[in-house]
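Read the figures in this text as sums done on the coordinates, not as results from a lab. Here the structure is a predicted model, which means the values were calculated and not measured. Note that we place each Cβ from the backbone using ideal geometry, even for glycine, and neighbour counts take in every protein chain shown.
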Amino acid sequence: MAGVHSDSPTWWLHFTGPRFWPTWLMFALLWLVTRLPYRWQMRIGELIGRSAWRLARRRRHIAEVNLRLCFPQLDDRERCELVKAHFLSLGKGVVETALCWWGRASQLRPKRVLVGREHLQEALAAGKGVILLSAHFTTLELGGRLLALDTPFHVLYRQHKNPLFEYVMQRARKRRFEKAIPRNDTRALLASLRNGMPVWYAPDQNHGGPRSVFVPFFGIPAATLSATARLAKASGAGVVPFFQTRLPGNEGYLLTLCPALGNFPSGDLQADTARINRLLEDVIREVPEQYLWVHRRFKTRPQGESYPY
């Protein structure tokens with residue numbers, strides 16, 4: 001919101017109108033949840049997910065369509081169970097976002113299992129920055145916070161329509177990460193890479209437009225951002241896949257840093273973008289309920305194809 005400065009002790013006075021009261025109440029409740037034992041937090045997350053599954057019919061329909069398209073081998077019962085499991089994961093993700101913003105490092109560090117840190121260090125040694133290639137799993141926000149406990153990096157973000165939500169999110173990200181870069185600020189992103197910083201980037205959502213190309217995602221043509229290859233070419237940065245998944249039994253989180261992609265970019269934009277989608281598919285198949293299926297991944301269609309939602 002214009003005129004609001006993050007360091008001002010009275011910033012909250014800009015958000016006292018009645019339209020912000022439900023958001024304030026949500027933040028207050030979520031902050032209280034972050035002070036509970038972890039297993040209670042996850043149970044509350046599951047309760048949020050069950051409620052959303054019953055009430056958010058539009059989002060449930062989107063998830064059902066996505067899963068029918070991407071996992072045609074599932075029968076109706078299996079697909080229904082997967083949708084329910086996905087909403088439980090979404091509910092946990094709400095609580096995990098609150099933990100990302102307000103959780104204490106001492107509370108979070110024991111929940112982290114980090115694998116492959118050497119791959120990031122090796123890529124950074126080239127001195128041209130690193131693109132931390134990720135995807136929209138329900139654990140995305142907390143996974144970033146867990147890596148940031150001892151690994152500085154910059155993050156790309158998409159502005160939220162609710163100005164209070166946007167402001168609080170920005171304050172939290174400025175505290176937890178080195179720098180937050182607006183999604184469309186390519187100049188700032190390249191500057192971070194040229195300064196040798198890792199930049200966390202998730203290009204797997206459907207934004208359409210001239211920066212996207214149609215490549216298969218679970219065998220279906222999907223409008224996919226091609227910027228990863230373009231950014232790697234412009235900056236010389238290595239591309240290190242980084243994924244965050246929830247461990248079974250609410251035991252914590254597995255953070256996986258993979259070796260930097262070899263021969264990337266290859267010079268074939270279509271092939272490079274398809275390669276990224278295949279990489280994401282492999283991870284999604286391991287924990288399908290944890291991927292963000294309530295996003296309209298196939299809303300942009302090639303000419304002649306019908307809208308699936």
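Among the residues that make up region 158-178, is at least one of them in contact with a Pro (Cβ under 7 Å, 6 or more places away or on another chain) and surrounded by fewer than 21 Cβ atoms within 10 Å (Cβ to Cβ)?
Yes, the conditions are met somewhere in region 158-178.
Tell me which strands (runs of 3 or more DSSP E) are completely within region 191-309 and hold 2 or more residues being in contact with a strand residue (DSSP E or B) (Cβ under 6 Å, 6 or more places away or on another chain) and closer than 25 Å to His61 by Cβ, or say none if there are none.
Once the strands (runs of 3 or more DSSP E) in region 191-309 are filtered for at least 2 residues that are in contact with a strand residue (DSSP E or B) (Cβ under 6 Å, 6 or more places away or on another chain) and closer than 25 Å to His61 by Cβ, what remains is 212-217, 220-225.
Residues being more than 19 Å from Leu147 (Cα to Cα) and of a type outside the set (S, T, N, Q): count how many of those fall in region 236-279.
Here is the first cut: in region 236-279, the residues more than 19 Å from Leu147 (Cα to Cα) are 236-237, 248-249, 261-279.
From what is left, the residues that are of a type outside the set (S, T, N, Q) are 236-237, 248-249, 261-262, 264-265, 267-269, 271-272, 274-276, 278-279.
Within region 236-279, residues that are more than 19 Å from Leu147 (Cα to Cα) and of a type outside the set (S, T, N, Q) number 18.
State which residue is surrounded by the most Cβ atoms within 10 Å (Cβ to Cβ) when the search covers only region 57-80 and only residues that are in contact (Cβ under 8 Å) with a residue 40 or more places away in the chain and of a type in the set (A, V, I, L, M, F, W, C).
Only one residue tops the list, namely Ala63.
On the given criteria, is Leu108 closer than 23 Å to Gly196 by Cβ and touching a residue at least 24 places away in the same chain (Cβ under 8 Å)?
no
Tell me which residues, restricted to region 156-172, are within 19 Å of Leu133 (Cβ to Cβ) and either outside any loop (DSSP other than H, G, I, E, B) or touching a Gly at 6+ places or on another chain (Cβ under 8 Å) (or both).
Within region 156-172, the first condition is being within 19 Å of Leu133 (Cβ to Cβ), and the residues that meet it are 156-158.
Leu156, Tyr157 - these are the residues of region 156-172 that are within 19 Å of Leu133 (Cβ to Cβ) and either outside any loop (DSSP other than H, G, I, E, B) or touching a Gly at 6+ places or on another chain (Cβ under 8 Å) (or both).
Would you check if Cys100 is of a type in the set (A, V, I, L, M, F, W, C), in a helix (DSSP H, G or I) and crowded, with 16+ Cβ neighbours inside 10 Å?
Numbers: of a type in the set (A, V, I, L, M, F, W, C): yes; in a helix (DSSP H, G or I): yes; crowded, with 16+ Cβ neighbours inside 10 Å: yes.
Taking the combined requirement at face value, the residue satisfies it.
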